[in-house]
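For reference, the structure discussed in these notes is given below.
The values are calculated or read from the model by the stated rules, or taken from the named source; none is laboratory data. None of the values given here were measured: they were computed from a predicted structure. Cβ placement follows ideal geometry from the backbone for every residue including glycine, while neighbour counts extend to all protein chains displayed.
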Amino acid sequence: MAHHIPTGGNCAILYGPHVGIDADGVVGKINRRGREASGACCGSACAAAGYVKGVMGGSENSTLPGDFLDAQQYWVGCELLKHGERLEKADEEMVELPLALFDCQNEVMHNIVSAASKETHGGKIALIGGIQINTPVGVSEYFLPKVFEVIDTDGNLVESLLPALS
């Protein structure tokens with residue numbers, strides 16, 4: 001990614017998980033056009049949470065899947081496993097789930113930017129991270145900002161702009 005930034009140019013990266021809230025106010029579900037009932041949103045997050053419960057409960061093992069098509073989902077589950085106790089203790093698991101996933105993604109994004117920042121050749125990288133909140137048709141969608149940082153060529157935090165948003 002950094003090789004595409006012109007010398008002295010800058011880059012903005014927007015990242016984060018999403019969660020749905022259906023027409024009945026249920027977090028972790030969404031009403032989809034053409035479907036009578038609401039369904040899981042995010043399905044991958046729900047599958048990862050199920051994997052974490054299975055590993056913690058002993059009914060699932062944490063071995064790499066045999067099918068490479070499952071590798072990304074396995075990675076999400078393994079990253080989320082770090083937050084297993086947090087999810088287990090949460091008052092509302094579906095509210096805590098996107099927050100835990102954000103923490104996983106935020107760590108990865110900071111690692112990527114740390115490695116890539118030296119390739120910006122004088123530019124800066126803005127990290128804008130948060131949680132996309134999907135809602136039913138006719139209701140405004142939301143973005144919950146969690147990180148808004150400017151990183152320099154050496155991978156150092158130049159400024160956190162998040163306080164300016166509040």
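Some notes on this structure:
- Residues that are farther than 30 Å from ILE151 by Cα and either in contact (Cβ under 8 Å) with a residue 60 or more places away in the chain or touching a His at 6+ places or on another chain (Cβ under 6 Å) (or both) are absent from the stretch 51-68.
- PHE68 vs. criteria of a type in the set (Phe, Trp, Tyr) and within 30 Å of GLY155 (Cα to Cα): no
- Residues of the stretch 11-33 that are in contact (Cβ under 8 Å) with a residue 12 or more places away in the chain and in a loop (DSSP other than H, G, I, E, B): GLY16, PRO17, ASP22, ALA23, ASP24, VAL26, GLY28, ASN31, ARG33.
- Qualifying residue in the stretch 34-46 (condition: in a helix (DSSP H, G or I) and touching a residue at least 40 places away in the same chain (Cβ under 8 Å)): yes
- Sole residue being more than 15 Å from the chain's Cα centre (by Cα) and either crowded, with 17+ Cβ neighbours inside 10 Å or among the small types (Gly, Ala, Ser) (or both), chosen from GLY138, GLY130: GLY138
- The single condition from (1) buried (at least 17 other Cβ atoms within 10 Å of the Cβ); (2) closer than 30 Å to GLY8 by Cα; (3) modelled with pLDDT of 95 or more that ALA116 fails is (3).
- Of the candidates GLU85, GLU60, GLU107, the single residue that is farther than 21 Å from ILE21 by Cβ, outside any strand (DSSP E or B), modelled with pLDDT of 95 or more and over 18 Å from the mean Cα position of the chain (by Cα) is GLU85.
- Meets criteria (loosely packed, with under 12 Cβ neighbours inside 10 Å, at negative phi and at pLDDT below 90) for GLY66: yes
- Under the condition of being in contact (Cβ under 8 Å) with a residue 40 or more places away in the chain, over 30 Å from ALA23 (Cα atoms) and part of a strand (DSSP E or B), the residues counted in the stretch 118-154 number 3.
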